[in-house]
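The values are calculated or read from the model by the stated rules, or taken from the named source; none is laboratory data. Quantities reported herein were computed from a predicted structural model and do not represent experimental measurements. Using ideal geometry, Cβ is built from the backbone for each residue, glycine included, and neighbour counts are taken over all protein chains shown. Heads up: the accessible areas ignore ligands, DNA and RNA and are worked out on the full protein's heavy atoms, side chains in. Shrake-Rupley method; radii C 1.70, N 1.55, O 1.52, S 1.80 Å.
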Amino acid sequence: MAKVLILGGGFGGVVAAERLAEQLSDEHQLTLVSRSRKFVFYPALVRLAFGKCQLEDVSFDLRESMLTRRVNFIEAEVARIDPFERRVVIAHGEVEGKLPYDFLIFALGRRLATERITGFYENAHHLLSVDKALKFGKAIAQFHEGHAVIGQCPDARLPVPVYETAFALSRLLKERGEREHVRITVVSPDALGSQFGGSDATAALQTALDAHGIEFLPDFPIHKVTPSAAVTSDGQAVDFNLLMLLPPFHGSPVVLHLGISDNEYVNVDWTMRVMGVERMYAVGDCVNFSGPKMGHMAVRQAEVAAINLAAEIDGHPPLSHYSHEMRLVIDEGGSDSIYLHKDIWTDETLSVRQGRFWKWAKHAQEKYWEAAHS
Ligand SMILES: Cc1cc2nc3c(=O)[nH]c(=O)nc-3n(C[C@H](O)[C@H](O)[C@H](O)COP(=O)(O)OP(=O)(O)OC[C@H]3O[C@@H](n4cnc5c(N)ncnc54)[C@H](O)[C@@H]3O)c2cc1C
């Protein structure tokens, strides 16, 4: 009998737990630990901020969904792990002290390093959690004129919601008859489309931005935020009346000082095994792979890790290999919605599609996820 601990109740942890429950016989014990019993479907948070869906549409109860799959659920905060003694140290929650394991899947996501941007906490909105998305939604409701600045800080690694927010704001202001009273600027530390790796992405984004009259300010690495301006380290400033910024991302602090991470992102090989320790896998935003941090990557990595962990329990070598693909939709709200696909490791040419279909596909994907996992 093996004790398998899965840390993190996001896309990576949930899919890893589900796949392991399918592949391992009942004699093995599966436990998922996460700080909240709510699963949140993050890609819907832009729509939540703009009042296009309700909280109950974007979240479900993890304890119930895990129990139906014979996975124990523990609501608790993980303080640190000891991969050499094979123990997880719990800070507080439904259990206390140390949880021993035989095998571990680490899926604690990334940390928002807001402290790296002076004044971020006091002066900027973001929408990377339910509370912050709802708070930003209230600010949008009270915003009728001036300059809206939407963007990301260096190392934010999640461009999709930046563009989706700018497009949604433009549409909302049009509906309210206020579009001409508001200037919208998207700011980025890079050139347009460079995070998606291809000139076709740049062209598709430019088409959509132009259709909405949205300005794009490239090469603008934000260093601090004052009550009225976002400022770079060389003193360039852009004034705002409404600011939504994605802060820098770091990996999980739980692995700090263990020698298994760079910049707190966990080093894994392409079987999703953590390098330098035994019986430990890592999946999702927490791993040290290049490119954007996306939910579909976490899902695929979790599937690979579950197959290989089940094989390891049976004494077999890894059976599945991960290939690092970017596959995403930027929902523009209409016919300029963009689908992008690229194999990041093989440097394959970026494939780009644009049209209303992709907005519908993204919403259908959300419904499918909820039906399949809740
Ligand atoms: C607004 C927004 C829009 C997005 N749009 C898209 C999109 O269009 N397409 C796409 O593919 N991806 C999108 N993403 C990215 C996607 O949501 C993430 O890549 C995905 O959530 C990563 O999954 P994960 O399981 O690795 O991490 P997470 O989803 O972050 O899950 C980590 C889990 O670990 C828990 N946790 C963390 N630390 C601890 C601790 N110390 N103790 C206990 N529990 C802990 C957290 O509570 C959470 O449950 C979007 C994200 C956001 C925020």
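So for the range 18-149: antiparallel DSSP bridges make up what percent, rounded to the nearest 5?
DSSP beta bridges in the range 18-149 are roughly 75 percent antiparallel.
Once the piece of chain linking residue 351 and residue 319 is laid out straight, how much longer is it, given 0.36 nm per residue of separation minus the C-alpha distance between them?
The residue 351-residue 319 span can extend by a further 8.6 nm.
If you find the alpha carbon centre of the range 176-228 and of the range 98-127, how far apart are they in angstrom?
Measuring centre to centre over Cα atoms gives 26 Å.
Would you mind calculating the gained length between residue 367 and residue 91 on full extension (0.36 nm times residue separation, minus the Cα-Cα distance), in nm to one decimal?
95.9 nm
List the longest stretch of the chain that has no exposed loop site; here a site is one of the chymotrypsin sites (Phe, Trp or Tyr not before Pro) assigned by DSSP to anything other than H, G, I, E or B, with at most 14 other Cβ within 10 Å.
85-344
Taking R0 as 45 Å, what FRET efficiency do you get between residue 203 and residue 23 from their Cβ-Cβ distance, rounded to the nearest 0.05?
For R0 = 45 Å, the calculated efficiency reads 0.55.
Report, in whole Å, the centroid distance computed from the Cα atoms of the range 285-329 and the range 1-29.
Their Cα centres are 14 Å away from one another.
Work out Dmax and Rg for the range 109-190 from the C-alpha atoms and quote the Rg first, both in angstrom.
Taking only Cα atoms of the range 109-190, I get Rg and Dmax of 13.2, 40 Å.
Give the percent of DSSP beta bridges with both residues in the range 80-236 that are antiparallel, rounded to the nearest 5.
50
Expressed as a whole percent, how much of the Cα-Cα distance distribution for the range 180-221 exceeds 12 Å?
Of the Cα pairs, 59 percent sit more than 12 Å apart.
Roughly how many debye, to the nearest 20, is the charge dipole of the chain about its Cα centre, given +1 on each Lys and Arg Cβ, -1 on each Asp and Glu Cβ, and no other charges?
So the magnitude is around 580 debye.
So which of 132/224; 38/135; 135/174; 98/132 end up more than 25 Å apart by C-alpha?
Checking Cα-Cα distances, 98/132 exceed 25 Å.
In the chain, which whole DSSP H runs stretch at least 24 Å along their own axis (Cα) and average -0.5 or higher on the Kyte-Doolittle scale?
295-313
Give me the dipole magnitude in Debye, nearest 20, for the range 280-374 about the Cα centre, with unit charges on the beta carbon: positive for Lys and Arg, negative for Asp and Glu.
The dipole of the range 280-374 has a size of about 320 debye.
Just name one of 292, 203, 30: the one whose Cα is farthest towards the positive end of the charge dipole of the chain (beta-carbon charges, Lys/Arg +1, Asp/Glu -1).
Of the options given, the answer is 30.
For the range 235-329, what is the accessible area per residue in Å² when the probe is 1.4 Å?
I get 37 Å² per residue for the range 235-329.
Which of 127, 246, 217 moves the most in a Gaussian network model of the chain with Cα springs under 10 Å?
217
Hull surface divided by four, with the convex hull built on the Cα atoms of the range 230-374: how many nm²?
Taking a quarter of the hull surface, the average projection is 13.1 nm².
Extent of the range 161-278 along each principal axis, from alpha carbon coordinates, in Å, largest to smallest?
In descending order, the Cα extents are 60, 34, 27 Å.
Please list, or write none, the aspartates and glutamates whose alpha carbon is within less than 16 Å of the alpha carbon of residue 342, excluding same-chain residues fewer than 8 places away.
Straight-distance partners of residue 342: 200, 325.
Against the globular-protein guess of 2.2 N^0.38 Å, express the Cα radius of gyration of the chain as a ratio, rounded to two decimals.
1.01
Among bridges DSSP assigns within the chain, what percent are antiparallel (round to 5)?
50
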